[in-house]
Amino acid sequence: MKTYQTAIAALQQAKEQHQQWVAEVINSPLPKVEHNPLRCAFGQWLQASEAELGELAEFRALDEPHRKLHEAYTLISQTPGLDLLERETRYHSTLLIERIDALQAALEA
């Protein structure tokens, strides 16, 4: 039986980094966060973990909400003052957190 203790620890750190990114977007009037989903800390974790976790459906389910979160932020940040920023960011972030938690549960099973 394969254990994923290192992957779980890295996943928890990636989740925290994601939450910091979202807090910066929501709480800062001019957030200086990465727009590219491949270059943010969570995106880098996704890429680095693909070889080990890529066969898990729970891992693959992380890509879409992560990418859409960055897309929403990029589009909305180009039009300052839109109220959608917080709502869209929270929606995609909540979905991503739910999927991170599902992956963690699968790794711990």
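Tell me which residues, restricted to the range 36-81, are touching a residue at least 24 places away in the same chain (Cβ under 8 Å) and of a type in the set (Val, Ile, Thr). Across the range 36-81, the qualifying residue is only 74.
Just one of the listed residues (24, 52, 64) is under 27 Å from residue 78 (Cβ atoms), over 10 Å from the mean Cα position of the chain (by Cα) and among the acidic types (Asp, Glu), and it is 24. Of the helices (runs of 4 or more DSSP H) entirely within the range 45-109, those holding at least 3 residues that are in contact with a His (Cβ under 6 Å, 6 or more places away or on another chain) occupy 63-77. Among the residues of the range 19-30, those identified as surrounded by fewer than 16 Cβ atoms within 10 Å (Cβ to Cβ) and either in contact with a helix residue (DSSP H, G or I) (Cβ under 9 Å, 6 or more places away or on another chain) or at pLDDT 90 or above (or both) are 19, 20, 26. Residues in the range 40-59 that are surrounded by 13 or more Cβ atoms within 10 Å (Cβ to Cβ) and either modelled with pLDDT under 85 or in contact with a Leu (Cβ under 9 Å, 6 or more places away or on another chain) (or both): 9 in all.
The single condition among (1) in contact with a Leu (Cβ under 9 Å, 6 or more places away or on another chain); (2) at pLDDT 90 or above; (3) in a helix (DSSP H, G or I); (4) surrounded by 13 or more Cβ atoms within 10 Å (Cβ to Cβ) that residue 37 does not satisfy is (3).
What are the residues in the range 10-34 that are assigned to a loop (DSSP other than H, G, I, E, B) and of a type in the set (A, V, I, L, M, F, W, C), if any? Give the steps one after another, and end with the answer.
Residues of the range 10-34 assigned to a loop (DSSP other than H, G, I, E, B): 28-34.
Correct list: 30, 33.
The values are calculated or read from the model by the stated rules, or taken from the named source; none is laboratory data. On a predicted model such as this, the values are computed, not experimentally measured, just so you know. As a convention, Cβ positions derive from the backbone with ideal geometry for all residues, glycine included, and neighbour counts pool all protein chains shown.
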